[in-house]
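K.L.:
Before we start, here is the structure in question, set down as structure tokens.
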Amino acid sequence: MKSFLQDLRYGFRQLRNNRGFAITAIVTLSLGIGASGAIFALMDAALIKPLPYKAPTRLVNLYESIPLGPRFHLSYPDYRDWKRLNTVFSSLDVYESNAFSLTTPDGAQLADGARVSAGFFRTLGVAPVLGRDFQPDEDQPSVAPLVLLSYSAWQKRYGGRKDVLGQTVVLDGTPNTIIGVLPPEFHFAPAEPADFWSTMLAGNRECRYCHGLYGIARLKDDVSFSAAFANIAAIARQLEQQYPDTNHAQAAYMLPLTEVIVGDIRPVLLVVFSGAVLLLLIAGVNVTSLLLVRAEGRKREIAVRGALGASPARIMRQLVTEGMVLAMIGSVFGLVTSLWASRLLIKLVPRDRMASMPFLHGAGLNSDVIIFVLAISFVAGLLVSLIPALRLPFSQGLEVLQEGGRTSAGTVWRKLGAKLVVVELATAVLLLVGAGLLLKSLQRLLQVDTGMEPQQLVTLQTAAPPFIYSKHEKAIALERDLMDRVGVLPGVKSVSITNKLPLGDADFTTQFVVVGRPDNRETNEVTYRRVSANYFSTLQARLLGGRYFAESDDSSKPLVTIINAAFAKRYFPDEKPVGKQINYRGAPATSAMEIVGVVDEIKEGQLDFAPRPAFYVPFNQQSFPFFSVVVRATQDSGSLLPAISNVIHGIDPSIASFDGETMIERLHDSPAAYLHRSSAWLAGGFAGLALLLGVIGLYGVIAYSVSQRTREIGIRMALGAQQNSVMQLILGEAGTLAMAGIAAGVACSLVAAILMRKLLFGVRPWDLPTFVVVAVALAFCALLASYIPARRAAKLDPMVALRYE
């Protein structure tokens, strides 16, 4: 212990005496450790910590699979049949995300929430911290509505008072009795954000056409995932045969709950964490290079200590201790950097995206992150100190002393230090290519044709009390009054409404039949929207045939519809669709709608979704109490939002307005765009740092090599070598290293790009322009880094160089 403390004190003294070296090494290590620690903090919160449920690995999410995709909603009758017929789940419940209109003394407000079946929280294994859970059958229509509060809603809206139990809160015009408060750590990402958790609505309980629910189930202890999937799939096939009109081609689909919650963010975190580890590798290589240079300069010191009786093991321990001191200090600053960086990353997540990733609220400095940082610091310290120490010639002490300081450092450096620089440059290429592909993917995503002109479009969502505005006459009167008042606001060019905004989740689907064709039970599941007459002109959507809706298309006229190009291409490939009729499957003949127009595809789903068939119906003929206002402005569109909201509340204070945003914001903050943008910018940041460290490392190699070859250069110049030839010699050495690093990096990048291809959109993993740009950019930076020492070498005075050392 005494000798260890001696080594420790000596190590600190060495760093104090070489402050430039110490600061450079500590900052470099802190940067690498901090970046790795920050991303690990996010990974710990998202992928490592267990979800706040009982035995979360036994929980699965259930969906119905249709030709449009595998993760669609359940109907309530299908849920009841799945629950009754399955033999693999200990419990099965349903939920749906729900925005409530909350009645307050100041008028209606939006309240985030969800509706669940009675056993939902028992399936999750979550118990309230105050009050009680829903009891069996308390989700039935005959029972007065009940509600549980989230912990944050209890604190924010009720001040954490325990007398909140038994109080009444009015949601969507209906009184709900508060019976409990959920734990502070509880979250359920598929339905978040949710302040109020209420029971299921009474309507649509016998409608197999009505899909709006998701299933959550707990596997029995002795049942595997595959066995459960097989059982529920068999039930879906049975229901398809039993109810061919409603369940044709509707299969079951099942995913582990952990996959549903973190599946989208997992590949992004893994890619970014890989980038952080590579950055740490570059930082370690740089520090190793610094220590190699320093070790070469300490050969004489080591030889003297060996001559005085110090054993190689004793000297080795001293050198390793010095490296560990560096790593220890680097870990302290790395922890601080990790904490700051992880908080910054979380703050950069938009509010609506954070709602779908509530587990990130727990990201930060905790025991897992501290252990991780200390572990990588220890490994880094061990490696960066052992490599230089092992290069020292402990058995050549006499020869070193006889050299009088003239060592073979230049040769050693070219053999090992140059190899480390090749590793650095190859790693930099790997990160730069990854960042380049992700940035190009983001660019392609944001350039997707959305079927509209998003500039100067502003949107605001509303929720009118359904017990009032579910009546057609009331809803139509509200729509016309709202459009008249908003239309005269300064800066408004046109105003329209839709029951579902573009760039959403593509739900609100239905099945249809073509009138006059035999119904062969083909699954014609398509997206449908209810829109006002001037909706398409407000969006500036392209009309491909027929006409737009007119204000005269109301309930007194024959029903009409407009289809999109994907609908026409799929269901009317060899005929003109205008004039044809379609109808909802199972609906009476009086519900048939004539196709009066065809529009180009409007992106109803996410940016990375393939075009989907869709049809639109006039709001004047099929109204809806929940709709969004879409306004095309002649000025800064964002400034219109408060005025539109005031108009809505002026019409009826019980109507809630929320989520006001421009269409450009909606485009850029969509889930697909956010995931691509966050991964691209994070990878780009790591790539930029890697490029900087790699270029610095190359500069250090060339500069040190020049300093060690001063006599050689002087002799060359004394024998007639010109400045150009000296520069070519040095630049040639740098070019060889750069080309070796670039070649190795390109080969590794190709493999890495193929592995991350699922994160790319519209870009091939072997995208040649990206590889070429990265290679040229790195070669140019390498040329700049080596030019300064090469120019210095070319300007050496031969006489001064010959007297060197």
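K.L.:
Which of (1) farther than 26 Å from F609 by Cβ; (2) modelled with pLDDT under 85 is the odd one out, the single condition T510 does not satisfy?
P.N.:
The failed condition is (1).
K.L.:
Here is a follow-up. Which residue out of S377, S385, S441 is within 30 Å of L778 (Cβ to Cβ), at pLDDT 85 or above, among the polar types (S, T, N, Q) and more than 27 Å from the chain's Cα centre (by Cα)?
P.N.:
S377
K.L.:
Considering only residues that are open to solvent by 10 Å² or more (accessible area, probe 1.4 Å), closer than 20 Å to F512 by Cα and either without any contact (Cβ under 8 Å) to a residue 12 or more places away in the chain or in contact with a helix residue (DSSP H, G or I) (Cβ under 9 Å, 6 or more places away or on another chain) (or both), which ones fall in the stretch 541-568?
P.N.:
Within the stretch 541-568, just L559 meets the criteria.
K.L.:
How many of the residues in the stretch 139-174 are among the aromatic types (F, W, Y) and open to solvent by less than 50 Å² (accessible area, probe 1.4 Å)?
P.N.:
2
K.L.:
Sticking with this structure for a sec: At least 1 residues that are hydroxyl-bearing (S, T, Y) and open to solvent by 10 Å² or more (accessible area, probe 1.4 Å) in each: list the strands (runs of 3 or more DSSP E) lying fully within the stretch 422-523 that qualify.
P.N.:
492-498, 509-514
K.L.:
Do you know which residues across the stretch 47-71 are open to solvent by less than 30 Å² (accessible area, probe 1.4 Å), outside any helix (DSSP H, G or I) and at pLDDT 80 or above?
P.N.:
Let us first name the residues in the stretch 47-71 that are open to solvent by less than 30 Å² (accessible area, probe 1.4 Å), namely 51, 53, 56, 59-66, 68-69.
Narrowing the set further to residues that are outside any helix (DSSP H, G or I) leaves 51, 53, 59-66, 68-69.
Across the stretch 47-71, the qualifying residues are L51, Y53, L59, V60, N61, L62, Y63, E64, S65.
K.L.:
In the stretch 103-122, is there at least one residue being without any contact (Cβ under 8 Å) to a residue 60 or more places away in the chain, closer than 30 Å to Y243 by Cβ and open to solvent by less than 20 Å² (accessible area, probe 1.4 Å)?
P.N.:
Looking for residues that are without any contact (Cβ under 8 Å) to a residue 60 or more places away in the chain, closer than 30 Å to Y243 by Cβ and open to solvent by less than 20 Å² (accessible area, probe 1.4 Å), one finds at least one in the stretch 103-122, hence yes.
K.L.:
So, one more: Residue under question is Q167, and the condition is that it be more than 37 Å from the chain's Cα centre (by Cα) and more than 19 Å from F100 (Cα to Cα); does it hold?
P.N.:
It is false that Q167 is more than 37 Å from the chain's Cα centre (by Cα) and more than 19 Å from F100 (Cα to Cα).
K.L.:
So, one more: Could you check L74 against (1) in contact with a Ser or Thr (Cβ under 7 Å, 6 or more places away or on another chain); (2) more than 22 Å from T177 (Cβ to Cβ); (3) not aromatic (F, W, Y) and say which number it fails?
P.N.:
Unmet condition: (1).
K.L.:
What tally of residues in the stretch 238-248 results from selecting those that are buried (at least 20 other Cβ atoms within 10 Å of the Cβ) and at pLDDT 85 or above?
P.N.:
Number satisfying all stated conditions: 1.
K.L.:
Okay, next question. For residues in the stretch 742-778 being among the aromatic types (F, W, Y) and outside any helix (DSSP H, G or I), which is most open to solvent (accessible area, probe 1.4 Å)?
P.N.:
Taking the candidates together, the pick is W766.
K.L.:
Something else now. Just to be sure I understand, how many residues within the stretch 590-601 are open to solvent by 10 Å² or more (accessible area, probe 1.4 Å) and touching a residue at least 12 places away in the same chain (Cβ under 8 Å)?
P.N.:
The qualifying residues number 7.
K.L.:
Here's another thing I want to ask about it. So, in the stretch 536-546, of the ones that are of a type outside the set (S, T, N, Q) and assigned to a loop (DSSP other than H, G, I, E, B), which residue ends up nearest to E479 (Cα to Cα)? Give the derivation first.
P.N.:
Step one: list which residues in the stretch 536-546 are of a type outside the set (S, T, N, Q), which gives 536, 539, 541-546.
Applying the additional criterion that residues be assigned to a loop (DSSP other than H, G, I, E, B) yields 541-542.
On the way: A541: 21, R542: 24 Å.
Here the answer is A541.
K.L.:
Pick out, from the stretch 249-353, the helices (runs of 4 or more DSSP H) lying fully within it that include 1 or more residues that are modelled with pLDDT of 75 or more.
P.N.:
Qualifying helices (runs of 4 or more DSSP H): 257-262, 266-297, 312-347.
K.L.:
Could you tell me whether the stretch 753-771 includes any residue that is under 27 Å from V695 (Cβ atoms), at pLDDT 75 or above and of a type in the set (G, A, S)?
P.N.:
yes
K.L.:
Mind telling me which of the residues F100, F89 ends up being among the aromatic types (F, W, Y) and either closer than 22 Å to L219 by Cα or touching a helix residue (DSSP H, G or I) at 6+ places or on another chain (Cβ under 7 Å) (or both)?
P.N.:
Answer to the selection: F89.
K.L.:
Separate question: What residue, among those in the stretch 72-84 that are touching an Asp or Glu at 6+ places or on another chain (Cβ under 9 Å) and either part of a strand (DSSP E or B) or hydrophobic (A, V, I, L, M, F, W, C) (or both), is surrounded by the most Cβ atoms within 10 Å (Cβ to Cβ)? Spell out how you get there, then give the answer.
P.N.:
Here is the first cut: in the stretch 72-84, the ones touching an Asp or Glu at 6+ places or on another chain (Cβ under 9 Å) are 72-79, 83.
Retained after the next criterion (residues that are either part of a strand (DSSP E or B) or hydrophobic (A, V, I, L, M, F, W, C) (or both)): 72, 74-75.
Details: F72: 19, L74: 22, S75: 25.
Out of the qualifying residues, it is S75.
K.L.:
While we're looking at this one, here's another question. Does T177 fit the bill of being within 29 Å of F626 (Cβ to Cβ), surrounded by 13 or more Cβ atoms within 10 Å (Cβ to Cβ), of a type in the set (S, T, Y) and free of Cβ contacts under 8 Å to residues at least 60 places away in the same chain?
P.N.:
When the stated conditions are applied, T177 passes them.
The values are calculated or read from the model by the stated rules, or taken from the named source; none is laboratory data. Please read these numbers as outputs of a predicted model, since none were measured by experiment. Because the Cβ atoms are built from the backbone with ideal geometry, glycine has one as well, and the counts that use them run over all protein chains shown. With ligands, DNA and RNA removed, areas are computed over all heavy atoms of the protein, side chains included. Shrake-Rupley method; radii C 1.70, N 1.55, O 1.52, S 1.80 Å.
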